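Encoded as structure tokens, the structure appears first; notes follow it.
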Amino acid sequence: MVKHRFLGAIYLSLAASIWGGTFVVSKYVFDFVPPITLVWLRYIIAFVVLFLILKVNQMKTKIRPSFKRKDWLLIGWIGFIGYFVSVSLQFIGTKLSDAHTGALITSATPAFIVLFARFILKESITIRKLLALFLATIGVVIVIGLHTNAMHFFWGNIILVGAAVTWALLSVYVKLASSRFSVLTITTYAILFAIFFTTPFMIWEIQSSDVVLNNIYVILGILYLGVVSTAGAFFLWNKGMEMMDAGIGSLFFFFQPLVGSFFGWLLLGEHLDQNFFIGGFFILAGAFVVVTRQSEN
């Protein structure tokens, strides 16, 4: 059980760490590709990758899932509320705000996951969960800091709050769906639904916005977002959530701003002061609290 929990923690940490670089990459690509179009491109790439892996896996195992109408509705809902609404809001909010603020606001996601898991999955809210959430939240605030220009990005920030709420719903419903289907199946078909939802808005958007793909760094950025940040990280996050309580697994989302700050230092030359290390300690302490919890919790 402990080994299972630590493996889930590794999956979730990797996913959140990958997303830490997403804000930096997407902020750069936005200068060449509008937000909804970028979401659509990353999903097309991610679906092709995941679908090929899914089919190879089915040929090896000789197992093909059987879907009922309610199953398609659940996976369609995951694709809509999470991969369409949440990611679109994240991209639009980041464009209207900035990567720094985006990482901070969407880090409110774990609090919403704990809340939704209580009502949808009937998971208990324990003292240990609340302590871990408190420690990690303090860590995020210390690492990222309170933005003094928050009002300047008001509407972008409101949209980012919506992204945090809807991603929390995604995480909880993926946990629900994983009792019937593999994480690979859920992720692949949910992204397919997201493509259908996104396509009309993408077509509308490119009528009035330019798409410039003559820059190798833009192409590499789109490939990163499609293959690594979407196909890879979505699968890892969903797999990790399958292996742990939703309320506990949610805490690993806090690795996103921690790694995002590190990438900002590594790639953009941003300064890392003592707050990064102090806040990072609190985030890791919060994760340690939930990973080493006793089985009765």
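The residue list Phe263, Phe281, Phe252, Phe276 contains one member that is closer than 22 Å to Thr137 by Cα, touching a Leu at 6+ places or on another chain (Cβ under 7 Å), among the aromatic types (Phe, Trp, Tyr) and modelled with pLDDT under 90, which is Phe252. State whether the residues of region 130-144 include one that is over 14 Å from the mean Cα position of the chain (by Cα), modelled with pLDDT of 75 or more, within 26 Å of Ser178 (Cβ to Cβ) and surrounded by fewer than 22 Cβ atoms within 10 Å (Cβ to Cβ). Yes, some residue in region 130-144 is over 14 Å from the mean Cα position of the chain (by Cα), modelled with pLDDT of 75 or more, within 26 Å of Ser178 (Cβ to Cβ) and surrounded by fewer than 22 Cβ atoms within 10 Å (Cβ to Cβ). Restricting to region 219-246, name every residue that is small (Gly, Ala, Ser) and touching a Phe, Trp or Tyr at 6+ places or on another chain (Cβ under 9 Å). Within region 219-246, Gly221, Gly226, Ser229, Ala231, Ala233, Gly240, Ala246 qualify. All told, Leu54 falls short of being within 20 Å of Val218 (Cβ to Cβ) and part of a helix (DSSP H, G or I). The residue of region 112-129 that is farthest from the chain's Cα centre (by Cα), among those that are part of a helix (DSSP H, G or I) and buried (at least 19 other Cβ atoms within 10 Å of the Cβ), is Lys129. A single entry from Leu220, Leu192, Leu213, Leu236 fulfils the requirement of being surrounded by 15 or more Cβ atoms within 10 Å (Cβ to Cβ) and more than 17 Å from Phe84 (Cα to Cα): Leu236.
When Ser179 is tested against (1) surrounded by fewer than 22 Cβ atoms within 10 Å (Cβ to Cβ); (2) of a type in the set (Ser, Thr, Tyr); (3) in contact with a helix residue (DSSP H, G or I) (Cβ under 6 Å, 6 or more places away or on another chain), exactly one condition is not met: (3).
Within the span defined as region 250-268, every residue fails to be under 30 Å from Arg64 (Cβ atoms) and part of a helix (DSSP H, G or I). Quick one: is Lys27 surrounded by fewer than 20 Cβ atoms within 10 Å (Cβ to Cβ), under 24 Å from Phe253 (Cα atoms) and of a type in the set (Lys, Arg)? So Lys27 passes the test.
The values are calculated or read from the model by the stated rules, or taken from the named source; none is laboratory data. Worth saying up front: this structure is predicted, and the values here are computed from it rather than measured. Cβ coordinates were reconstructed from backbone atoms using ideal geometry, including for glycine residues, and neighbour counts include every protein chain displayed.
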